[in-house]
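See structure below.
Each reported figure results from applying straightforward, stated rules to the coordinates on display, with no laboratory input. Bear in mind that the values here come from a model prediction, so they are computed numbers and not experimental data. Here the Cβ positions follow ideal geometry from the backbone for every residue, glycine too, while neighbour counts run over all protein chains shown.
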Amino acid sequence: MADVGGITGSQLRSLIERIERLEEEKAALAGDIREVYAEAKGHGFDPKTMRQIVRLRKLDTADRQEQETLLELYKAALGMGE
């Protein structure tokens, strides 16, 4: 294969094929995640709320507290506070 910009065609093909395999795996994992949320919904849990919890658990404590504080502040400013 031709050498273009220091990358051979075979190197490029290998990289593209790896990306394609990873995209297939990602799609399969996304399907698995959808199934778990559907199962949770079947048990009476709210998937939308669960997604929020998963998102919050990814944050470190300081970032999570900052987001929660801002959310409460914004809600109060809009008259939505408790």
Quick one: helix 47-58 against the long Cα principal axis of the chain, what's the angle to the nearest 10°, folded into 0 to 90? 70 degrees
If you build a Gaussian network model of the chain, linking Cα atoms that sit under 10 Å apart, which residue out of ALA40, ALA28, ALA62 swings the most? ALA62
Work from the charge dipole of the stretch 1-76 (Cβ charges, +1 for Lys and Arg, -1 for Asp and Glu, about the Cα centre) and give the residue of LEU71, SER10, ALA28 farthest towards its positive end. LEU71
